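What follows is a short report on a single structure.
Where a number appears in this text, it was derived from the coordinates with a stated rule and is not lab data. Fair warning: this is a prediction, and the values are worked out from it, not measured in the lab. Every residue, glycine as well, gets a Cβ built from its backbone with ideal geometry; the counts of neighbours run over all protein chains shown.
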Amino acid sequence: MKIGVLTSGGDAPGMNAAIRAIVRKAIFQGCEVYGIKRGFSGILEGDMVKMDSLSVADILHRGGTILQSARCLEFKTPEGQALAKDQLEKLGLNGLVIIGGDGSFRGAQVLNKMGFQTVGIPGTIDNDIGCTDYSIGFDTAVNTVLDAMNKIRDTASSHNRTCIIEVMGKNAGFIAVSAALTGGAEAVLVPEVPYDLESLATQITKNVARKKSHSVVLVAEGLFGDPNSIDHSSSFKVGNYLSLRTGLDIRVTILGHLQRGGTPTFFDRKIATLMGSKAIDLLLAGETEKMIGYSENRIQIYAMDEAINTKKSLDPEQLELVNILANA
């Protein structure tokens, strides 16, 4: 069996661990494996390379993806999809493992309709994929945010400042809430929950009155809409409001792509390795259009359509607990 593997969409720490498991498990089972460069763009351009065990040596600790990643608008067109089919047939690939988010999984469904077996592995720091508690990269990204919070709190305390930290997550607040809960933030603002900047300003003023040395507020990048728009910055909008309303010394930090890079944590390496291995098992068993998730502390298999169409929700109890612990 000839198997292809690609990474698509935003990169996430742990993708390399998944690639390593896929390649070595496939070779162990007597398969040929081809790495497809730059996601679906690599399919259209025929940019694929045969991989062996040495191809994936010493990559467990590396962030990003050795196969690189890109977004490919051409693949969404009928012409692009016809070209993709031609390229895959030329190489003789019959099974593909696609690591990415919901957009990548929609691409996998297109390939499946063309007659290619597809298995999806959730790889996104946003952790917004349905049917899985965790996606590859989320744990590392949250730990990166926690490290930044610790450093920013040191200087905030030294100068009695309020610091606004903007974190990634696209239009989802999972990174923000998880980091706020475990990093001791005074408040967290996310797109999924109505926010009240006036109440936030009042609370921060109370913190100052009770001699609290600092306040740290986490803001999800999609709070005010599309995080990719040119004039967008959720954190500066919040910071400007609080500065005018309270008269306090407000500082803003946008962590940005720091959250995408770095050495993946134990947990991200673990789930990536388990998911990569399971992907080969599914392809060899003839399964297709499946997503491998991690829930209830174990690997579980879902129909890809279910994963795409299941909306993942924030835990309201965690949001409430952030406020209780910060303002008691």
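General remarks:
- Length gained when the stretch residue 160-residue 182 is fully extended (0.36 nm per residue, less Cα-Cα span): 5.8 nm
- Taking a ≥ b ≥ c as the square roots of the eigenvalues of the alpha carbon gyration tensor, region 192-253 is prolate, as a/c is not under 1.5 and a/b beats b/c.
- Considering helices alone, the calculated mean residue ellipticity of the chain at 222 nm is -13500 deg cm²/dmol, with DSSP H runs of length four and up weighted by -39500 (n - 2.57) and normalised per residue.
- Helix 15-28 and the long axis of the chain differ in direction by around 20°, with both axes built from C-alpha atoms.
- The equivalent ellipsoid of region 269-328 has semi-axes of 34, 15, 7 Å, largest first, where each one is the square root of 5 times an eigenvalue of the Cα gyration tensor.
- Only the Cβ atoms of Lys and Arg (+1) and of Asp and Glu (-1) were treated as charged; on that basis the dipole of the chain about its Cα centre amounts to roughly 640 debye.
- Paramagnetic reach from residue 66 (point 7 Å along Cα→Cβ, amide N under 17 Å) across region 5-28: 5-8, 12-28
- Viscosity 0.890 mPa s, 25 °C: Kirkwood-radius Stokes-Einstein D of the chain over Cα pairs, µm²/s: 118 µm²/s
- Cα-projected label distance for residue 226 with residue 53, points at 7 Å along beta-carbon direction, nm: 4.9 nm
- Cβ-derived FRET efficiency at R0 25 Å, residue 113 paired with residue 309, nearest 0.05: 0.90
- Put a dot 7 Å past the Cα of residue 266, heading toward its Cβ, do the same for residue 298, and the two dots end up 2.2 nm apart.
- For region 151-190: span of alpha carbons on each principal axis (Å, largest first): 32, 17, 15
- Taking Lys and Arg as +1 and Asp and Glu as -1, the other residues whose beta-carbon sits under 14 Å from that of residue 184 total 0.
- P(r), alpha carbons of region 1-88 - 5 Å bins starting at zero, rounded %: 3, 16, 24, 22, 18, 11, 5, 1
- Cα centroid separation, region 194-230 to region 1-49 (Å): 42 Å
- Cα shape, region 139-260, gyration tensor, a/c 1.5 rule: oblate
- Taking the DSSP beta bridges with both ends in the chain, the antiparallel portion is around 25 percent.
- Averaging 1/r over each pair of different alpha-carbon atoms in region 232-277 and inverting the result gives 13.8 Å, the Kirkwood hydrodynamic radius.
- 13 Å beta-carbon shell around residue 112, net charge (K/R +1, D/E -1): +1
- Between 0 and 90°, nearest 10: helix 234-246 axis offset from the chain longest Cα axis: 0 degrees
- Summing Lys and Arg as +1 and Asp and Glu as -1 over all other residues whose Cβ lies under 13 Å from the Cβ of residue 51 gives a net charge of +4.
- Extension gain for residue 320 to residue 240 (0.36 nm times residue separation, less C-alpha to C-alpha distance): 26.3 nm.
- Crossing angle, helix 138-159 versus the chain [Cα axis fit, 0-90 degrees, rounded to tens]: 20 degrees
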